[in-house]
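Here the structure is laid out as structure tokens; the discussion comes afterwards.
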Amino acid sequence: MRVLFSSTSGYGHNFPMVPLARAFVAHGHEVRWATGEAACVLVSDAGLDAEPAGLSGESLAELRGRMGRATVDVPPEGKAAFMFPRFFGAGMAPPMLADLLPLARDWRPALLVHDHAELAAPLVAALIGARSVTHSYGSAIPESFIAAAGELLAPMWAEHGLTVPPYAGCFEAPYLDICPPRVQSVPMTHIPVAAPLRPVPYTGPPATALPACVDGEPLVYLTLGTVMNQASVLRAAADGLAGLGVRLLVTVGPDADPAALGDQPTHVTVERYVSQTEVLPHCTAVVSHGGSGTFLGALHHGLPQVLLPQAADQFRNAQAAQSSGVGLALRPDEATPEAIAEAVRRILAEESFRTAAAGLAADIAAMPAPDEVVDVLERLA
């Protein structure tokens with residue numbers, strides 16, 4: 001069977017689907033993956049065939065800049081409701097369709113698997129007579145966000161003589177849900193059938209060597225991911241945590257300069273990027289922006305967390321961390337060096353956080369593995 005994966009360009013939209021794509025290959029199926037040109041290396045490094053599709057480079061940067069200007073006065077918690085339908089829907093889907101449809105018509109996949117923010121695949125599947133499956137990259141997208149995206153994409157479907165289905169066609173087949181129920185912060189009544197899928201950690205190929213700081217305990221890992229990695233927020237967090245005396249590993253992002261954090265004491269290590277898959281097993285606690293990849297990756301290892309949400313699904317994950325007892329969260333206006341240090345001091349000292357995180361790790365281990373989900377999808381196609 002031929003299976004065509006598609007995704008937007010972000011690390012957090014590509015990495016969660018790699019384990020399922022590899023499982024399809026292991027079952028003997030042909031797999032191709034369409035994503036933004038800059039993200040093709042992420043797919044190729046995972047040993048999968050990548051095809052450039054959709055916005056990338058200057059055109060993607062222009063769209064991001066335009067969306068940023070449009071939301072400059074929107075509170076952080078409100079940006080996602082504005083951005084999702086306009087950025088991933090009206091902005092990203094038509095250019096992706098222009099590249100994905102010819103690829104699919106030529107290659108004729110039986111099944112399309114798309115990340116929940118890549119909204120051209122459902123139309124492509126309808127046009128070539130294939131099935132499409134939506135793969136989550138964290139908690140579910142709120143119903144109002146995806147409904148609004150569908151409304152904005154109605155003209156794109158109409159150009160091909162079709163009426164857009166509810167929710168941009170995302171839930172015509174089982175929704176692959178990598179979010180454990182106890183940290184699912186979004187009502188899922190709009191999703192007819194959800195199929196759980198274990199979030200297997202993957203954050204790129206193994207590094208040649210890990211930083212020396214990973215040897216010994218305790219180790220606190222601080223990251224703001226690859227998009228929301230503002231130096232000012234990282235600096236405030238690093239300054240607060242340096243005073244705790246624990247070993248601290250900070251990553252600033254692959255395109256950022258570690259020197260932006262200034263001089264740091266010897267127990268603080270600053271890197272551009274590390275493989276979280278390799279680093280998390282060495283950690284005692286995690287401080288992050290609350291992006292879904294980091295949030296679920298830390299839970300996989302039963303690690304308590306402090307979340308510093310900046311935008312998008314990060315606020316939903318922060319809410320879930322607090323309600324499930326696995327961590328603490330600080331809003332942008334609360335995230336002073338002193339407050340961050342006190343929050344980390346608590347999650348290191350109070351056993352309840354580690355107990356709750358261990359419970360979530362057990363929940364994740366009990367979810368169906370990618371191999372099992374491939375068996376289900378084979379019957380679907």
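What to note about this one:
- Quick note on the stretch 99-148: its Rg to Rh ratio, both from C-alpha atoms and Rh being the Kirkwood radius, is 1.02.
- For the stretch 271-381, the share of accessible area belonging to carbon and sulfur comes to 52 percent (1.4 Å probe, ligands and nucleic acids excluded).
- Rolling a 1.4 Å probe over the protein heavy atoms gives the chain an accessible area of 39 Å² per residue.
- For the chain, the alpha-carbon radius of gyration amounts to 0.96 times the rule-of-thumb value 2.2 N^0.38 Å expected for a compact globular protein.
- Calculated log₁₀ intensity ratio I(q)/I(0) where the Debye formula runs over C-alpha points of the stretch 76-220, q = 0.11, 0.14, 0.21 Å⁻¹: -0.50, -0.73, -1.31
- Note on Ala366/Thr189: beta-carbon distance plugged into 1/(1 + (r/R0)^6) with R0 of 22 Å gives a FRET efficiency of 0.40.
- Gaussian network model of the chain, Cα within-10 Å springs - most flexible of His160, His289, His114: His160
- Computed on the Cα atoms alone, the convex hull of the stretch 235-381 gives a volume of 134 cubic angstrom per residue.
- The chain: most fluctuating residue of Leu60, Leu176, Leu111 per GNM, C-alpha cutoff 10 Å: Leu60
- FRET efficiency for the pair Leu210 and Ser232, taken as 1/(1 + (r/R0)^6) with r the Cβ-Cβ distance and R0 = 25 Å, rounds to 0.35.
- Since only Leu360, Ala381, Leu348 are under comparison, the one whose Cα sits farthest along the positive direction of the charge dipole of the stretch 288-381, derived from C-beta charges on Lys, Arg, Asp and Glu, is Leu348.
- Residues of the stretch 42-56 with amide N under 20 Å of a point placed 7 Å along Cα→Cβ from Asp106: 43-44, 48-56
- The stretch 193-263 and the stretch 326-372: distance between their alpha carbon centers, rounded to Å: 15 Å
- Relative contact order for the chain: 15 percent, from Cα pairs under 8 Å spaced at least 6 residues apart, divided by residue count.
- Spin-label model distance (nm) - Ala154 vs Arg272, 7 Å beyond Cα toward Cβ: 4.7 nm
- Cα gyration tensor category, rounded, prolate or oblate, for the stretch 131-178 with a/c compared to 1.5: oblate
- For the stretch 1-131, the Kirkwood estimate of the hydrodynamic radius, built from every pair of different alpha carbons, is 15.1 Å.
- Solvent exposure, largest accessible area first (probe 1.4 Å, DNA, RNA and ligands not counted), of Met1, Met17: Met1, Met17
- Of the residues Cys179, Val25, Gly150, the one whose Cα sits farthest toward the positive end of the charge dipole of the chain, with +1 on the Cβ of Lys and Arg and -1 on the Cβ of Asp and Glu, is Gly150.
- Taking 0.36 nm per residue of sequence separation and removing the Cα-Cα distance, the Asp375/Thr336 pair yields an extension gain of 9.2 nm.
- The calculated FRET efficiency for the pair Ala38 and Asp263, based on their C-beta separation and a Förster distance of 35 Å, comes to about 0.60.
The values are calculated or read from the model by the stated rules, or taken from the named source; none is laboratory data. Computed from a predicted structure; not experimentally measured. Positions of Cβ are backbone-derived with ideal geometry, glycine not excepted, and every protein chain shown enters the neighbour counts. Ligands, DNA and RNA are stripped out before the accessible areas are found, and what is left, the full protein with its side chains, is counted by its heavy atoms. Shrake-Rupley method; radii C 1.70, N 1.55, O 1.52, S 1.80 Å.
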